[in-house]
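Right, one structure below, let's go through it.
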Amino acid sequence: MTKYYNPVRLFFGEQQLNNLVDIVQSCGGKNILLLTGLQSLKKSGYFVKILNILSEYDVSVFSEIPSNPDVANIAKIKNETDSLSYDLVLAVGGGSVIDAGKALVALRGVEIKSPEDIRNVIREKRYGAMECPLIAVPTTAGTGSEVTSWATVWDREAEAKYSIEDAALYPRAAIVAPELTVNLNGYMTAASALDALSHATEAYWSKNTNEIVRMYATKAINCITKNLDMLLDNLGDINLRTKVANGSLFAGLAFSNTKTTACHSISYPLTLKYGLNHGVAVSMTLGKMLAMNEDSLIEKEQFFAAYGVSSAEEVEVFIQKIYKKAGILSRLRHHGASRTELAGIADKSFTPGRMDNNPVDLNKQDILRLLEDIY
């Protein structure tokens with residue numbers, strides 16, 4: 001691939017929330033639908049601050065978006081917000097909140113009566129006009145959803161994961177304010193950052209990689225690996241928060257043009273079956289997948305220099321160190337998996353557009369061996 005595109009207007013750094021009114025005005029919004037998660041934004045105090053900033057606007061609030069929303073959740077959110085006359089969506093939260101915002105934009109004007117309607121619309125790509133602007137404000141440093149054009153929607157009943165994808169779903173603007181991540185505990189700080197590290201690494205080796213992608217990817221890897229360990233010892237350090245948030249943003253810019261690869265493809269059934277946090281699920285295979293993909297790396301020395309290591313084994317050592325410091329369980333058996341289930345997980349690990357984006361072709365036996373390694 002020899003092209004790069006990302007239209008999101010970015011505002012990043014401390015106090016960037018102060019630009020929110022100007023950003024809303026530039027998007028032409030008057031009636032705002034504010035989406036948040038269940039509790040964290042209110043606990044942080046930024047919920048009230050955002051409402052105060054937007055006091056001159058008509059703001060409707062939906063604050064019941066769960067982690068990893070599935071088709072039933074999206075149908076419920078849409079039905080409960082359809083009666084609101086909003087012309088702009090402001091999604092403030094983690095990747096689940098921002099993805100829910102994208103889903104609402106895509107489904108605006110589409111009649112949805114049940115989760116099955118959601119499934120059918122996604123399969124058939126029968127989206128609406130997607131004219132409602134979205135402003136994304138992440139409160140975690142990991143998902144990169146603020147600069148991508150797709151949204152993840154889960155389907156627990158069917159044990160499936162879907163993507164709503166369209167260039168119109170790039171947020172109109174994104175505010176990356178590191179102070180919004182200060183209240184994250186060590187576990188969520190590490191898991192989010194490891195998700196971003198996986199985005200950057202997978203973008204680097206993706207079949208769709210190019211020089212611009214690798215520039216963002218190496219910068220992201222360097223920002224995260226140089227600062228995450230120290231951040232876990234100093235969770236309130238805004239300077240370290242800023243560096244890791246920048247790493248997450250660079251990773252988002254990298255994989256926004258490549259999509260992810262095998263690590264993410266394998267992670268989906270792990271999250272669906274065992275409830276693994278997404279950042280944990282993707283990073284559990286990252287070091288071992290690197291060893292499998294190593295010979296396909298472009299400018300291998302540049303890649304390892306970004307990590308500050310000289311081998312794939314050292315990358316795995318870094319990940320395990322972060323796991324230990326953050327209290328993340330590193331084996332599938334610790335998350336309730338049994339060895340007899342691994343073959344079924346391997347069968348469901350071949351997500352189109354992800355597994356076939358990996359630089360090395362992998363079969364079921366390859367995945368099964370990898371799952372055995374992390375069991």
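Ranked from highest to lowest mean number of other Cβ atoms within 10 Å per residue, what is the order of the peptides 65-71, 7-13?
65-71, 7-13
Any aspartates and glutamates with Cα under 17 Å of the LYS321 Cα? List them, leaving off those in the same chain fewer than 8 positions away.
Partners found: ASP195, ASP229, ASP233, GLU313.
If you roll a 1.4 angstrom probe over the protein chains with everything in place, what fraction of the accessible area of region 134-291 belongs to carbon and sulfur, to the nearest %?
48
I'd like the accessible area for LYS30, computed on protein heavy atoms only with a 1.4 Å probe and all protein chains in place. Round to 10 Å², please.
140
Step through the table entries LYS76/LYS113; LYS288/LYS325; LYS207/LYS300, compare each Cα-Cα distance with 18 Å, and write down the pairs that go over it.
Result: LYS288/LYS325 exceed 18 Å.
Per-residue accessible area for TYR162 at 1.4 Å probe radius, Å² rounded to 10?
Rounded to the nearest 10, that gives 40 Å².
Provide the solvent-accessible area of HIS264, counting protein heavy atoms only and rolling a 1.4 Å probe, rounded to the nearest 10 Å².
Number for this one is 10 Å².
Quick one: angle between helix 262-274 and the longest Cα principal axis of the chain, in degrees between 0 and 90, rounded to 10, please.
70
Which GluC sites (Glu not before Pro) in region 275-330 sit in a loop by DSSP (not H, G, I, E or B) and have at most 12 other Cβ atoms within 10 Å of their own Cβ?
Answer by residue number: GLU299.
Going by alpha carbons, how many degrees (0 to 90, nearest 10) lie between the helix axis of 71-81 and the longest principal axis of the chain?
Relative to the chain, helix 71-81 is tipped by roughly 20 degrees.
Using Cα pairs under 8 angstrom and six or more residues apart, how large is the relative contact order of the chain, in percent?
16
With the other protein chains left in place, how much accessible area per residue, in square angstrom, belongs to the chain at a 1.4 angstrom probe?
That works out to 40 Å² for each residue.
Mind ordering 43-49, 341-347, 144-150 by average Cβ neighbours within 10 Å, highest first?
Packing proxy ranking, top to bottom: 144-150, 341-347, 43-49.
Here is the link list: LYS49/LYS78; LYS78/LYS125; LYS42/LYS78. Which ones come out longer than 19 Å on Cα distance?
Check vs 19 Å cut-off fails for LYS49/LYS78; LYS42/LYS78.
Based on DSSP H runs of at least 4 residues, each adding -39500 (n - 2.57), what is the mean residue ellipticity at 222 nm of the chain after dividing by all its residues, to the nearest 500 deg cm²/dmol?
So the calculated ellipticity at 222 nm is -15000 deg cm²/dmol.
Between beta-carbons, use under 11 Å as the cut-off and find the net charge around THR351, counting Lys and Arg +1, Asp and Glu -1.
+3
Nearest 5 percent is fine: what portion of the DSSP beta bridges confined to region 54-205 is antiparallel?
45
Using only Cα atoms, tell me the angle between helix 95-107 and the longest principal axis of the chain; keep it within 0 to 90° and round to the nearest 10.
Its long axis makes an angle of about 60 degrees.
How many angstrom separate the Cα center of region 248-267 from the Cα center of region 92-163?
17
Working out 0.36 nm times the residue gap between SER338 and GLN320, then minus their Cα-Cα distance, what length gain in nm do you get to one decimal?
4.3 nm
In whole percent, how big is the carbon plus sulfur part of the accessible area of region 26-92, probe 1.4 Å, protein atoms only?
Summing carbon and sulfur atoms, their accessible area is 47 percent of the total for region 26-92.
The values are calculated or read from the model by the stated rules, or taken from the named source; none is laboratory data. These figures come from a predicted structure and were not determined experimentally. We place every Cβ from the backbone using ideal geometry, glycine too, and count neighbours over all the protein chains shown. Quick note on the areas: whole protein, heavy atoms, side chains included, nothing else; ligands and nucleic acids left out. Shrake-Rupley method; radii C 1.70, N 1.55, O 1.52, S 1.80 Å.
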